[in-house]
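Asks: Below you will find the structure I want to go over with you.
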Amino acid sequence: AYALYVFAQAIIFVPLLYIAIYYTESAELVEQAAIVTLALFTGISAVVMVTKKDFSFLKAGLTVGFFIAMGLIVAGSLFGFDLGLWFSVGMCVLAGGSILYQTSNLVNKYGTEDYIPASLGLFASLMLLFWYVLSIFMSRD
């Protein structure tokens with residue numbers, strides 16, 4: 001199941017990365033976005049690992065935030081407007097909160113036998129953060 005999930009993520013992200021490289025005519029922007037994403041992910045995860053705090057209180061806010069984001073994405077698609085830079089920044093904040101929540105669950109709630117659901121959620125949050133960091137980098141050109 002995990003391999004199938006990673007394959008599905010690759011099917012989603014490889015064309016998006018190809019488009020990003022094609023329009024910027026270089027892989028340098030993708031590399032920069034990957035480095036920034038890795039630094040953000042490491043910092044956010046370190047907060048949870050060091051403090052051992054339970055961030056499960058974020059669940060309701062993240063759920064509402066993701067529903068608002070999906071509504072804005074659908075509205076933008078239907079009515080043809082660009083969501084812009086601030087939407088990408090908001091999605092980075094939302095993805096960061098999701099990483100905080102997922103890492104907290106990994107530390108405080110999941111057992112050793114629950115490594116697959118823990119890794120799936122955390123990987124999805126990481127890739128969401130990467131995509132919107134890349135979107136921000138692409139918008140500055």
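Asks: Step by step: first the residues of the stretch 115-141, then only those that are among the polar types (S, T, N, Q) and closer than 19 Å to residue 5 by Cα, then the one that is surrounded by the most Cβ atoms within 10 Å (Cβ to Cβ). Which residue is that?
Replies: Selected residue: 125.
Asks: Looking for whichever is touching a residue at least 60 places away in the same chain (Cβ under 8 Å), open to solvent by 30 Å² or more (accessible area, probe 1.4 Å) and out of contact with any Ser or Thr (no Cβ under 8 Å at 6 or more places or on another chain) here; the options are 67, 57, 81, 41. Which one fits?
Replies: Only one candidate passes the filter, namely 41.
Asks: What single numbered condition from (1) at pLDDT 90 or above; (2) under 23 Å from residue 3 (Cα atoms) fails to hold for residue 112?
Replies: Going through the list (1) at pLDDT 90 or above; (2) under 23 Å from residue 3 (Cα atoms), residue 112 breaks only (1).
Asks: Still on this structure, please answer the following. So the check is Cβ under 9 Å with 6+ separation or different chains; which pairs have a first residue in the stretch 125-141 that's under 13 Å from residue 35 (Cβ atoms) and a second one that's surrounded by 20 or more Cβ atoms within 10 Å (Cβ to Cβ) and of a type in the set (Ser, Thr, Tyr)?
Replies: Short answer, once both residue conditions are applied: 129/37; 129/98; 130/37; 133/37; 134/37.
Let's see how each residue does on (1) closer than 30 Å to residue 138 by Cα; (2) of a type in the set (Val, Ile, Thr); (3) at pLDDT below 90:
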{"residue": "26", "(1), (2), (3)": "yes, no, yes"}
{"residue": "55", "(1), (2), (3)": "no, no, no"}
{"residue": "91", "(1), (2), (3)": "yes, no, no"}
{"residue": "118", "(1), (2), (3)": "no, no, yes"}
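Asks: Condition (residue is farther than 24 Å from residue 2 by Cα and of a type in the set (D, E, K, R)) applied to the stretch 69-91: is it met by at least one residue? Don't jump to the end; show me each part of the working.
Replies: At the first step, the residues of the stretch 69-91 found to be farther than 24 Å from residue 2 by Cα are 69-91.
Next cut, of a type in the set (D, E, K, R) only: 82.
Scanning the stretch 69-91, I find at least one residue that is farther than 24 Å from residue 2 by Cα and of a type in the set (D, E, K, R), so the answer is yes.
The values are calculated or read from the model by the stated rules, or taken from the named source; none is laboratory data. Quick caveat, the model's predicted, so the values are computed rather than measured. Virtual Cβ from ideal backbone geometry, glycine too; neighbours counted across all protein chains shown. When the accessible area is computed, the model is the full protein with side chains, heavy atoms only, and any ligands, DNA or RNA have been set aside. Shrake-Rupley method; radii C 1.70, N 1.55, O 1.52, S 1.80 Å.
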